[in-house]
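The values are calculated or read from the model by the stated rules, or taken from the named source; none is laboratory data. Just so you know, these numbers come straight off a predicted model, no measurement behind them. Glycine gets a Cβ as well: all are built from the backbone with ideal geometry, and neighbour counts include every protein chain shown. Side chains are part of the model used for accessible areas, which takes the heavy atoms of the whole protein and leaves out ligands, DNA and RNA. Shrake-Rupley method; radii C 1.70, N 1.55, O 1.52, S 1.80 Å.
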Amino acid sequence: MRRGGPEAGPQRALIAASFVSRVGNGLFNAAAVLYFTFVVHLPATQVGAGLTIAGLCGLAAGIPAGNLADRYGPRAVSLTAQAVLALTMASFVLIDSWLAFTLVATLDRLAATASGAAGGALVARVGGERPAAFRARLRTFVNLGVVVGTLGAAVALQIDTRPAYTALILANAASFACAGLIVLIGVPNYRPLPKPENHRQWSVLADRPYVSFVALYSAMGLQYQAVSLLLPIWLAAHTDAPRWTVAAVYAVNSGVCVLLQSRLGARVETPRQGGRAFRRAGLLFLISCPLMALTADVPVWVAAALAVLAVCVHSIGEVWESSGGYALGFGLAPDHAQGQYQGLFGIGFNAGQALAPLVLTGAVLALGHTGWLLLGVFLAALGAAGPPVAAWAERTRPGRPGTQAASPLPESGRRG
């Protein structure tokens, strides 16, 4: 970001809005399952089934919401999605049955997917000439917001009463409303960019290099839940490491991402650099996954130290992988269709995250040490595919102009 440049104000506003909403997410996510099971008294299997249904249905909103953002401007769609998210989140305090829970959760996921598509297009416009670098900086504050929210949730979890959980849910709803207000005040209502005659609402699906990149990024997304899901189970079931090690690996993962995301992300802007970042990430995952497996074969305190070391290596890989994803996700998308392309990007990533628990617990965990090694090899192979996919994609975009400067509407033409 150019200090004092025309994008500085909108960038600060979008960072503030994202931070506020992610503090709310951190408050809610840390206690959501406990609220639905112990307060609403839904069986855990029903909660899991409802969330799975909601997650799959939510994927449907990605490309349509992106097309709306391209047609009417990303801010309008983003604000609408934020308003719906605030309402659905507040509605969770009223549910008393599985059907109501599933319906509200589905509306929530549809709005979240729409928010992601429109938000991606908004980042592309607010980011100016370097949207990927701005997105990396934005992710630093997103991670920090989640950490702050999670720490706040710990207080409610300790109190462990219905009013305490209700306060977390309503605080998350308020965070969406506050984030929307910040965007309304601080981010211009960018004019939709002109579209070529051959533009189609589903043209992203015919862009084979971009679809290939989305598939690559979605599969590589297994690495996120290797730390958040697989490693905690492994530490608890297969090692003698103290239980606080699970909390430590979460803290280390978040801390490394907060400290390095902007620093490393600033080096990854073009699709070619994004492909190389993927390769670098894959090699780091090839090191970190076997290290995680080895925690089962060493004494208790060595296991804790080894787990922290493995997560440090893995987290650096995560930063390179996410930075490469931003560079390719934004850099390969036509300026006039960022919403549509970011919609597909979000669909792919969310689908991968939905399948990750099944793959990691059903295959990797079942195979033990071999499973960890195969996971590392798989992620390294995906990373090695990054440079050729990026080169293929660049060859299909001859003469593509640079990112167009954002063109806000005059004050009289802005929609509220």
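Once you have the alpha carbon radius of gyration of the stretch 270-408, what is it after dividing by 2.2 N^0.38 Å, with N set to its residue count? Write down the numbers at each step before the final one.
Details: Rg = 18.0 Å, N = 139, 2.2 N^0.38 = 14.3 Å.
Here the Cα radius of gyration is 1.26 times the empirical estimate.
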Point to revise | Table column - 3J(HN,Hα) (Hz), the stretch 301-308, Karplus curve with 6.51, -1.76, 1.60, x for Gly and Pro | key: 6, 5, 4, 4, 5, 5, 4, 5
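Rounded, prolate or oblate: which fits the stretch 208-281 when a ≥ b ≥ c are the square roots of the eigenvalues of the alpha-carbon gyration tensor, with rounded for a/c under 1.5 and prolate only if a/b beats b/c? Present the calculation step by step, with values, prior to reporting the outcome.
Working: a/c = 3.89, a/b = 1.77, b/c = 2.20.
The shape class here is oblate.
In whole Å and largest first, what semi-axes does the C-alpha gyration tensor of the stretch 1-149 yield when each eigenvalue is scaled by 5 and square-rooted?
Its equivalent ellipsoid spans semi-axes of 31, 18, 11 Å.
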Practice item. Quantify, in whole percent, the carbon and sulfur part of the accessible surface of the chain (1.4 Å probe; protein heavy atoms only). Key: 67 percent
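Would the stretch 37-93 count as rounded, prolate or oblate if I go by the C-alpha gyration tensor, calling it rounded below 1.5 in a/c and otherwise prolate when a/b exceeds b/c, oblate otherwise? Can you show the working numbers first?
On the way: a/c = 6.73, a/b = 1.99, b/c = 3.38.
In terms of gyration-tensor shape, oblate.
When a/c reaches 1.5 or more, the comparison of a/b and b/c decides; with that in mind, is the chain rounded, prolate or oblate per its Cα gyration tensor?
Details: a/c = 1.71, a/b = 1.19, b/c = 1.44.
It comes out oblate by the Cα gyration axes.
Where does each of 225-238, 34-47 land if you order them by average Cβ count within 10 Å, highest first?
Listed from highest to lowest mean packing, they are 225-238, 34-47.
So what is the calculated 222 nm ellipticity per residue for the chain, using -39500 (n - 2.57) for each DSSP H run with n of 4 or more, over all residues, to the nearest 500 deg cm²/dmol? Working shown, then result.
Values: 16 runs with 300 residues, N = 416.
My calculation for the chain gives -24500 deg cm²/dmol from helical runs alone.
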**Study point:** Accessible area (Å², per residue) of the chain, counting only protein heavy atoms and a probe of 1.4 Å
**Key:** 43 Å²
